[in-house]
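First up is the structure itself, then whatever we jot down about it.
Since every read-out is calculated from the coordinates, none of them should be taken as a lab result. Just so we're clear, the structure is a prediction, and the values are computed from it rather than from any experiment. Cβ atoms come from the backbone with ideal geometry, glycine included; neighbour counts cover every protein chain shown.
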Amino acid sequence: MGVDWVLDNASLETLVHRVPAGIHIDLTFAGTEASGSAGCNGYGASFEAIGGSISFGPIRSTQKACAQQVMAVEAAYLRALEGSTAYRATKATLHLTGGPVDLSFAAATGASSPSQ
């Protein structure tokens, strides 16, 4: 499974006061499943996207322990993702809104939007 969307630095900075160096958060859509890396752990959830609205099922993740700062970013990201209710996608960007904070992603090679 390839990486489709990478969370941008501006979004990382809205999640926590201090972003750990080198943290990488991404999101991939395949069928009715969303998955990726939340910075430390892998995660997955079902999702439904219709006409600009999006909803995620319960998020499941691996249970690896990482540095406290990384875990704080991960927890904030997963809360924001699960709370997202709307999306806007172009070929280059994906914006998820409606959760505790808005999330913006940049397209990686071969990106697909939630509706594909």
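Remarks
- Normalised by the number of residues in the chain, the mean separation of alpha-carbon contacts (under 8 Å, six or more apart) gives a relative contact order of 28 percent.
- To the nearest ten degrees, helix 68-83 and the longest principal axis of the Cα atoms of the chain are 20 degrees apart.
- Net charge dipole, the range 5-107: roughly 80 debye, given to the nearest 20, about the Cα centre with Cβ charges of +1 for Lys and Arg and -1 for Asp and Glu.
- Computed over the chain, Kirkwood Rh from alpha-carbon pairs, angstrom: 13.9
- Mean residue ellipticity at 222 nm, helices only, the chain: -6000 deg cm²/dmol; runs of at least 4 DSSP H residues each add -39,500 (n - 2.57), and the sum is divided by the number of residues.
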